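Novice: If you scroll down you'll find the structure; I have some questions about it.
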Amino acid sequence: MTDLLEVKDLVKRFRERTAVDGLTFRVESGEVYGLLGPNGAGKTTAVRMVTGLLRPSSGSIRVAGVDPFVEPLAARANLGWAGQELALYEDLSAVENLRLAATLGRLPRRETRSRAAELLDLVGLADRGRDRVESFSGGMKRRLHLAMALVHRPRLLLLDEPLVGIDPQARALLLDTIRRLAADGCGVLLTTHDMDDAERLCRRLGIIDRGRLLAEGTVAELQASLGERDALRLEGSFQAEAPPPLPEGVEVLACRDDELVVATLHGDEALPAVLAAAESAGVRVRRAALERPTLETLFLKLTGRELRD
C-alpha cells in the first residue's frame with residue numbers, strides 16, 4: 001500500500017496551550033485510519049493542519065508526498081475534507097451544490113453532470129437531487145456534505161466526526177459509503193470519540209488524548225494489549241486519589257469519587273474478593289458490572305478517564 005498521508009512530530013501551540021503534541025501517524029491507500037479520543041483531544045486541530053488551514057508550530061505533513069504549505073494546490077488536488085460544520089447552500093438543490101463544488105474544484109464542465117449523478121447515487125440521494133437542501137433531514141445533509149468532499153475524486157479523505165447527531169439510517173448509509181470508498185483505494189482519516197464507530201470502520205486506530213498519541217494498532221492489537229482480562233466496574237463512594245487496597249493481580253484502571261474500574265483475570269471469580277476488599281476499606285458498593293475488555297477500557301487504562309468525558 002501507498003502512504004497517502006504522513007504526519008511526523010506534529011505540534012501546534014496556542015500561546016500557553018499545546019493542542020497537538022508530537023503527533024506521528026500515517027494513512028495508507030485503501031484503509032480507514034481512526035483518530036480516537038474525547039472532545040478536546042486535539043483531533044480537529046490535527047485535521048485542520050493536514051488541510052493546510054492551520055499552520056503547525058513544528059513537525060511535518062505530507063499529503064500524497066506533498067507539503068500542503070509548500071505546494072497547497074497540489075496537496076488540495078489529492079485531498080477531500082468533510083468537517084464537523086456542514087458546508088452547504090440550503091437555498092440550492094443538491095445537484096446545484098455539487099455543481100458549484102465541481103466548479104470550485106476545477107472539474108471539467110463536461111464531467112459535472114455525470115459526476116453529480118454518480119455521487120448522489122453513492123450517498124443514497126439519487127431521488128432527491130432536485131430538491132432544495134433546506135428540505136433535507138440532518139442525516140441527508142450529512143450525506144450530501146460527504147459527497148461535496150468527493151467531487152474532485154480525492155485520493156485522501158478527511159472526515160472529522162462525520163457520524164455525530166444523525167439518525168440510524170443515515171449512519172448505516174454513511175458507514176457503508178466510507179467502506180466502499182476505502183475498498184476502491186481511497187485513504188480515509190476519520191476522527192471520532194465513538195468507540196463503536198471506530199471498531200466498525202477502522203483498519204488501524206490511533207488513540208489520542210491531550211494532543212498526544214498514546215497507542216496505535218488494529219482494534220485486535222489494541223484490545224490484546226490488555227491481555228485476556230475482564231474489566232470490573234464498581235459504583236460507590238470512593239476516594240479518587242486513594243483507591244482501596246485490592247487483591248493481588250487486580251489492576252486499577254480508573255478511580256473517581258463515584259466509580260472504580262479494575263482489570264483482572266477471571267473477573268467473575270475475582271469479583272467477591274474485590275467487593276470484600278472495597279468493603280474492608282469502608283466503601284459501600286452500590287452496583288458492580290463485569291465487562292469484556294474494549295477500546296474504552298484501554299482508554300481508561302491509558303488516561304484514567306472515559307472517551308466521552
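The values are calculated or read from the model by the stated rules, or taken from the named source; none is laboratory data. As the structure is a computational prediction, the values presented were derived from the model and not from experiment. Reconstructed Cβ throughout: ideal geometry from the backbone, glycine too, with neighbour counts over all protein chains shown. Keep in mind that these areas ignore ligands, DNA and RNA; they rest on the heavy atoms of the full protein, side chains included. Shrake-Rupley method; radii C 1.70, N 1.55, O 1.52, S 1.80 Å.
Novice: Just to check your reading of the model, which residue among Leu119, Leu144, Leu158, Leu163 is surrounded by 20 or more Cβ atoms within 10 Å (Cβ to Cβ), of a type outside the set (Phe, Trp, Tyr) and in contact (Cβ under 8 Å) with a residue 60 or more places away in the chain?
Specialist: On inspection, the qualifying residue turns out to be Leu158.
Novice: Right, another one. Among the residues in region 81-93, are any in a strand (DSSP E or B) and either β-branched (Val, Ile, Thr) or under 16 Å from Leu156 (Cα atoms) (or both)?
Specialist: Yes, region 81-93 contains a residue that is in a strand (DSSP E or B) and either β-branched (Val, Ile, Thr) or under 16 Å from Leu156 (Cα atoms) (or both).
Novice: Quick one: would you say Phe25 is assigned by TED's automatic domain parsing to the domain that holds Leu190 and open to solvent by 30 Å² or more (accessible area, probe 1.4 Å)?
Specialist: Values: assigned by TED's automatic domain parsing to the domain that holds Leu190: yes; open to solvent by 30 Å² or more (accessible area, probe 1.4 Å): no.
No.
Novice: Do any helices (runs of 4 or more DSSP H) entirely within region 119-213 hold 2 or more residues that are closer than 16 Å to Gly34 by Cβ and modelled with pLDDT under 95, and if so, which? Talk me through it step by step, then tell me what you get.
Specialist: Numbers: elements: 138-150, 168-183, 195-201.
Where helices (runs of 4 or more DSSP H) fall fully within region 119-213 and carry at least 2 residues being closer than 16 Å to Gly34 by Cβ and modelled with pLDDT under 95, they are 168-183, 195-201.
Novice: Farther than 30 Å from Phe14 by Cα and in contact with a strand residue (DSSP E or B) (Cβ under 6 Å, 6 or more places away or on another chain): which single residue out of Arg204, Arg229 fits that description?
Specialist: Arg229
Novice: Which of the residues belonging to region 216-268 are among the hydroxyl-bearing types (Ser, Thr, Tyr) and either assigned to a strand (DSSP E or B) or without any contact (Cβ under 8 Å) to a residue 40 or more places away in the chain (or both)?
Specialist: Residues satisfying the conditions are Thr218, Thr264.
Novice: Do you know which residues across region 173-185 are surrounded by 18 or more Cβ atoms within 10 Å (Cβ to Cβ) and either over 22 Å from Asn78 (Cβ atoms) or touching a Pro at 6+ places or on another chain (Cβ under 7 Å) (or both)?
Specialist: Within region 173-185, Leu173, Leu174 meet the criteria.
Novice: Only one residue in Ala215, Ala198, Ala170, Ala220 is in the same structural domain as Leu100 (by TED's automatic domain parsing) and crowded, with 22+ Cβ neighbours inside 10 Å, so which one is that? I'd like the intermediate steps shown before the answer.
Specialist: Numbers: Ala215 fails: crowded, with 22+ Cβ neighbours inside 10 Å; Ala170 fails: crowded, with 22+ Cβ neighbours inside 10 Å; Ala220 fails: crowded, with 22+ Cβ neighbours inside 10 Å.
Every option except Ala198 fails the conditions.
Novice: Report the residue count in region 28-53 for those that are buried (at least 16 other Cβ atoms within 10 Å of the Cβ) and outside any strand (DSSP E or B).
Specialist: 17
Novice: Of these, Glu296, Glu306, which one is assigned to a helix (DSSP H, G or I), in contact (Cβ under 8 Å) with a residue 40 or more places away in the chain and not aromatic (Phe, Trp, Tyr)?
Specialist: Of the residues listed, the single one that is assigned to a helix (DSSP H, G or I), in contact (Cβ under 8 Å) with a residue 40 or more places away in the chain and not aromatic (Phe, Trp, Tyr) is Glu296.
Novice: Right, something else. Just to be sure, is Leu10 surrounded by 19 or more Cβ atoms within 10 Å (Cβ to Cβ), closer than 24 Å to Ala183 by Cβ and touching a strand residue (DSSP E or B) at 6+ places or on another chain (Cβ under 6 Å)?
Specialist: no
Novice: Okay, next question. Would you check if there is a residue in region 259-276 being surrounded by fewer than 16 Cβ atoms within 10 Å (Cβ to Cβ) and polar (S, T, N, Q)?
Specialist: No, the conditions are met nowhere in region 259-276.
Novice: If a residue has to be on the phi > 0 side of the Ramachandran plot and basic (Lys, Arg) to count, how many in region 140-180 make the cut? So that I can check it myself, show each step before the final result.
Specialist: To start, the set of residues in region 140-180 that are on the phi > 0 side of the Ramachandran plot comprises 153, 161, 165.
Still in the list and also basic (Lys, Arg): 153.
Residues meeting the conditions: 1.
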